[in-house]
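The values are calculated or read from the model by the stated rules, or taken from the named source; none is laboratory data. Since the structure is predicted, the reported quantities are computational estimates derived from the model, not experimental observations. Positions of Cβ are generated from backbone atoms using ideal geometry, with glycine treated the same way; all protein chains shown enter the neighbour counts. SASA here: full protein model, heavy atoms, side chains in, ligands and nucleic acids out. Shrake-Rupley method; radii C 1.70, N 1.55, O 1.52, S 1.80 Å.
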Amino acid sequence: MSRRTLLGLAAAAPLAAPAVVYAQAPTLRWRLTSSYPSSLDAIHGAGPLFARTVAELTDDRFQIRVFGPGEVVPPLQALDAVQAGTVEACHTTASFYTGKNPAFAFATGLPFGLNTRQQNAWMYEGGGIEALDELFRQYNVKGLPLGTTGAQMGGWYRKEIRSVEDLKGLKMRIAGLGGTVLSRLGAVPQQLAGGD
């Protein structure tokens, strides 16, 4: 046998072995609850795209069915549903759960924090995913980034905000640490799911 033939067989062997195991693997069917309605496709679309990608990569042996908010659980209880085993996966925003642990905000856009490019650099190159893995492990879940919208914008108001005094009593839809900061300034944060 020539050296090239031997190297060719050695290179092919690692690919052949998993194919045998893969063909014998059972079909998996998971349910994924989303915190986002399909009308918010820029955010919601990541869940179905993830499900299609997993199905394609596994020749449909791993199927994930995506449910909209409220179809299985309310949109702000998606993480709780995964923890309880009600569903196997969810597509949600970690900052919805800063009441459990303020560190969940680091998985999303922090107010006055990183922009989208900086957030992605931290996640993928700066150890962010590994740091978040430690946090998620405490809640018996595994987090995967499924896109980013960046930090929330300030908002649209009926009257102009000119000073901190103008925030007193102002109701705002804002979740996580942004809501905590604004409540300390006198605003009244409202945590609502994306579809609400």
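What the table below lists for this structure:
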item: Residue among 70, 126 that is surrounded by 13 or more Cβ atoms within 10 Å (Cβ to Cβ) and modelled with pLDDT under 95; result: 70
item: Condition met for residue 151 (at pLDDT below 90, surrounded by 13 or more Cβ atoms within 10 Å (Cβ to Cβ) and part of a helix (DSSP H, G or I)); result: no
item: Cβ pairs under 7 Å, 6+ apart, first in the range 116-144 and assigned to a helix (DSSP H, G or I), second surrounded by 11 or more Cβ atoms within 10 Å (Cβ to Cβ) and among the β-branched types (Val, Ile, Thr); result: 116/148; 119/148; 120/148; 123/129
item: Residue in the range 22-29 that is modelled with pLDDT of 95 or more, open to solvent by 70 Å² or more (accessible area, probe 1.4 Å) and under 17 Å from residue 89 (Cβ atoms) present; result: yes
item: Some residue of the range 80-88 being in a helix (DSSP H, G or I), hydrophobic (A, V, I, L, M, F, W, C), over 25 Å from residue 183 (Cα atoms) and touching a residue at least 12 places away in the same chain (Cβ under 8 Å); result: yes
item: Members of the range 157-188 found to be under 17 Å from residue 109 (Cα atoms) and open to solvent by 40 Å² or more (accessible area, probe 1.4 Å), listed by number; result: 173, 177, 180, 181
item: Qualifying residue in the range 2-16 (condition: modelled with pLDDT under 95 and assigned to a loop (DSSP other than H, G, I, E, B)); result: yes
